[in-house]
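What follows draws every value from the coordinates through simple rules; no lab data is involved. Keep in mind that what you see is a predicted model, and the values were worked out from it rather than measured.
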Amino acid sequence: MASTPESITKALAPSRQAFYQSIWQEHFSKLNLNGSSNISVSDIEMAETLLSWLKDSSHDLPKSISIPSMPSNFTSSPTSPTQTPFPPRTLDPTLAKVANIKLLDGTESIPDDSLTHAFAHINIYHHTLTLPLLKQIFYSLLPKGIAVISITKHNPLASILSSILSTSSRRNSTSSLDDAPISTEQEIRDLAEKAGFEIGKIRISERRIEVRGQEELARLRGEMERILDMAMGQRGDAQSWERGFDGAWEAEIGKNGGGSQGERALGVECWVVVAMKWDLLCA
């Protein structure tokens, strides 16, 4: 599946940051995150969000933070074969002064057995793509290291764009079970166990990144309309998408109880995995 356009990814940033903070708040007491911790995060946005949250909550900052330079190294937002990769975001110099942060370049990888914690958001929900990323995270952790990973289950924005942009003659799917979207908690658990995380030390919950408020929804809808108008205009079919978009948009709003009388919202469904690396000394 093609990834969500970068402009949509940016538009979701405020809701995504609040989502991250809610996860850290819920699990912090069990993470043993302190001034001696060496951690990794998916990207600069997550690093900024984590540091801000730790400071506001009067928690110690970690000893070091490693940030992969490209999404493919650890997680985040994979691009489709026909999509131009996102330009890398540079590290704010003031951020580096707050904590010991290292932005890895394209030749560097996170060493095995080097991290106490790994925080990641995986914007992929296919078995064959998610499992290698979980393995990367597992091997980077020290024994008893903890991973906190959110995995997109359903992104209504990507679904709307995909349905409008796809042609009526969709090709038949020949995907095997391994290529099917992850849809159950057990499948997520199986992937985490295959990656090496300790059986019995894997906790999975289902959460949502929610976009609420008339202004935020209008901004997001406007960005999607701009993308569709540009894409369909290139096909010489600039107007035909509007009715289909209206219906798809309202259908997704309706899934969140956002009818005429309810508060309107869009929700990106995610799995949240909290898992520990097996300690051989305790076997």
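Can you return the aspartates and glutamates within cross-link range of Lys201? Criterion is Cα-Cα under 17 Å, with same-chain partners fewer than 8 residues away left out.
Glu26, Glu185, Glu187, Asp190, Glu193, Asp279
Would you list, by chain and number, the lysines whose Cα falls below 17 Å from the Cα of Lys97, excluding same-chain residues fewer than 8 positions away?
Output for Lys97: Lys55, Lys63.
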